[in-house]
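Worksheet: the structure to be examined is printed underneath.
The values are calculated or read from the model by the stated rules, or taken from the named source; none is laboratory data. All values reported here derive from a predicted model rather than from experimental measurement. When we count neighbours, we look across all protein chains shown, and the Cβ atoms used for this are built from the backbone with ideal geometry, even at glycine. Ligands, DNA and RNA are stripped out before the accessible areas are found, and what is left, the full protein with its side chains, is counted by its heavy atoms. Shrake-Rupley method; radii C 1.70, N 1.55, O 1.52, S 1.80 Å.
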Amino acid sequence: MRKTLPIILISTLTLTACGAVRESRINPFNWFGQSRSEAVQTQKNTNPLIPERSGGLFAGLRAQDAEYLGRPFEQVTALTIERIPGGAIIRATGLAARQGYYAVQLTPANEDELPVDGVLTYRLEGVRPSENTPVGTTPTREVIAARRITDQDLSGVRSIRVEGQLNALVSRR
């Protein structure tokens, strides 16, 4: 037994060092072959654990939200889209005609935030103050609004468009 164990070990190491064994069927690393690339069937819902826009415990509260009284901004000056894990953040900078705008948001122009012909469209809106405010300098009239979009919402989207009253900015993939 003392002589057979070292002989088996030496013969095993000798055979594995040999180039012919490395590429033969004897080597267990070659049993499954090399990997190949195959096409993947895509589904609409990539994660089955995330439900699509359905009801829920707070669905009634969402339907009862107060009406938003915002109006589109005069100008959209910048649009950036930042990738984050699980989606993206759309950030738009707008320029108001006067100071004092509040409750600024990106409002979806499409129904249910669905893309139309691959274009996801938003309006940069804000609530105007009720009393007269000074015009002020450009930096005092700038506002920034952002919106988070999931990867599911981004499926099928080729470009994102943010509109104001005078212009619109588009970011393409």
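Rounded to the nearest percent, how much of the accessible area of region 128-173 (1.4 Å probe, protein heavy atoms only) is carbon and sulfur?
Carbon and sulfur together cover 48 percent of it.
What are the residues whose amide H is under 5 Å from the amide H of Thr121, where those residues sit 5 or more places off or on another chain and H is modelled from the backbone?
So Thr121 has HN proximity to Ala109, Asn110, Val116, Arg161.
What do you get for GluC sites (Glu not before Pro) in region 87-152 restricted to DSSP loop and a cutoff of at most 13 other Cβ within 10 Å of the site's Cβ?
Qualifying residues, ordered by number: Glu131.
Work out, step by step, the length gained on full extension between Arg148 and Arg173: first 0.36 nm times the residue separation, then minus their alpha carbon distance; give nm to one decimal.
7.3 nm
Roughly how many Å² of Thr137 are accessible to a 1.4 Å probe, to the nearest 10?
80 Å²
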